[in-house]
Amino acid sequence: MNHDKYIPNILIVDDIPANLKVLGGILKDEGYKIRPVLNGEIALQVARKEKPDLILLDIMMPGIDGYEVCNRVKSDPELSDVPVIFISALNDTTDLIKAFKSGGVDYITKPFQAAEVLARVNTHLQICRQNIELKELNATKDKFFSIIAHDLRGPIGNMLSISELVSERGQYDEDTLYSFLEMQKELSKDTIELLENLLIWARSNTNRIDFEPAMIDFDDIVTECIDAVQVQAMVKSIGISHNTPPENLITADENMIRLVMRNLLSNAIKFTPRGGHIEISAYTEPNQTKVISVRDSGIGIPPEMLKDLFRIDVSNKRKGTEGEASNGLGLFLCKEFVEKHGGTLWAESEEGKGTAFSFSIPLNTKPKN
C-alpha cells in the first residue's frame, strides 16, 4: 500500500443527522473519505462490505447501541484490527470503561471540537498504519529467515552429500557419477537463482535499489529474456513465442522489467510439462496502460493457492513438473517491481490447462531527470 497516496476511509455512525453532518464536514475538509450511516445494523453491513480504516461510533443509538456494534466488529476476524473511536455526550467513568472494554481505542465528546476530532483521528490512523507496516516487516523478516533456513540450507546440504558420494573412489561407475554431477549442476543453478533473487529482494526492502524509469523498447527486453531461458526451455522441449509489436516503447526501469520478465518466464517453464508452449503478448488499453502477459500450457494453480499467490506471509512452495525448486520469492519480487511503476500484477489459472501472469505498466510513468 502506498500510504502517501492512500486516502483513509472513515465510517461515521450516529442516529442524529446533524452530528453526521458536523463530523463529516470536519473530516471532509481534511481530505478524508467519509461514509455516514444512521444506525448500528447498517454500520455493520457497511463495515463488512467496505472495511473502513477507522470507525467513529456513537454510544447511545436505537436498536443495537455502540457497545454492541463495537463488540461485533472486534469479534469479526476481517474487522478486528479496525480502530473504533466512540463519540458521546456521556462523561461518566463507568461508561468510558465500558467503551474501552468493548474494544474502543479512544473517545470524542459532544459538542465536537474540530481540533480535538482531527488530532484523535490522525493519531489512531497513524498508529493503525504503523501496525500494518510492522506486520509487513515481520512477514518479510520471517520469509527471509525461512528461505535461509530451508530453501538455502536444503540444496547446499544436498550438494555436500553428492560431493561426498563422488569423492568415494571406485564406488560408482561412470554413468552413475555423471548422474551425480548432473544433479549437482541443477542444484547449483537453483541455488544461484535463489541467491540472486534473495539479494535483490534484500536490497529492495532496504531501499538500496534506485527506481530509474526511461524510454525502452519492450520487444528488446522480451527477446533478451527469451534468449536467457532458452536452454532451460529446450531441455523440456517447451516452445516460446511472442506476439509483441516491434518498437514496443514503454517508460520503465529496464533492470526491474527485465527481472520481472525473466522470473515469469522461468516460472512458466518450471510448471509446464515437456512439449508445452509459452506465449508472451502485449497490448495497450484505452487508458494508456500497457498490459503484458506470459501464458503457459502448464499444470495450473489450485484455487486455494491462487488467492494467496502474492502474499509473503503465506507459503506457496511447490515443485515444478520435473522437481524444479520454487519458493514464491520470484513472484513476490515481480509484484514489488511492478507496483513501483504504479502497475498491477495478477494471475489467471485453470488446473490442467495453464496459467497466465499479466502485469500493467502506465505509459505516463515519469522518468527521472
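The values are calculated or read from the model by the stated rules, or taken from the named source; none is laboratory data. Please read all numbers here as calculations on a predicted model, not as lab measurements. Here the Cβ is made from the backbone with ideal geometry for all residues, glycine too, and neighbour counts use every protein chain on show.
Here are a few things to note about the model shown:
- Where residue 119 falls short, out of the listed (1) surrounded by fewer than 17 Cβ atoms within 10 Å (Cβ to Cβ); (2) more than 19 Å from residue 12 (Cβ to Cβ); (3) modelled with pLDDT of 80 or more: (2)
- When residue 348 is tested against (1) among the acidic types (Asp, Glu); (2) over 30 Å from residue 141 (Cβ atoms); (3) out of contact with any strand residue (DSSP E or B) (no Cβ under 9 Å at 6 or more places or on another chain), only condition (3) is not met.
- Considered as a group, the residues in the stretch 267-290 that are outside any helix (DSSP H, G or I) and charged (D, E, K, R) include one that is farthest from the chain's Cα centre (by Cα), and that residue is 274.
- Considering only residues in the stretch 85-110 that are in contact (Cβ under 8 Å) with a residue 12 or more places away in the chain and surrounded by fewer than 13 Cβ atoms within 10 Å (Cβ to Cβ), the one that is nearest to residue 14 (Cα to Cα) turns out to be 89.
- Subset of the stretch 291-307 [in a loop (DSSP other than H, G, I, E, B) and without any contact (Cβ under 8 Å) to a residue 24 or more places away in the chain]: 307
- The stretch 219-258, residues that are among the small types (Gly, Ala, Ser) and buried (at least 17 other Cβ atoms within 10 Å of the Cβ): 233, 252
- The residue list 330, 320 contains one member that is out of contact with any strand residue (DSSP E or B) (no Cβ under 8 Å at 6 or more places or on another chain), buried (at least 17 other Cβ atoms within 10 Å of the Cβ) and at pLDDT 80 or above, which is 320.
- Subset of the stretch 239-263 (residues that are touching a Phe, Trp or Tyr at 6+ places or on another chain (Cβ under 7 Å) and acidic (Asp, Glu)): 253
Rundown of residues vs (1) under 27 Å from residue 237 (Cα atoms); (2) not charged (D, E, K, R), yes/no style:
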position	(1), (2)
254	no, no
271	yes, yes
286	no, yes
289	no, yes
306	yes, yes
318	yes, no
324	yes, no
355	yes, yes
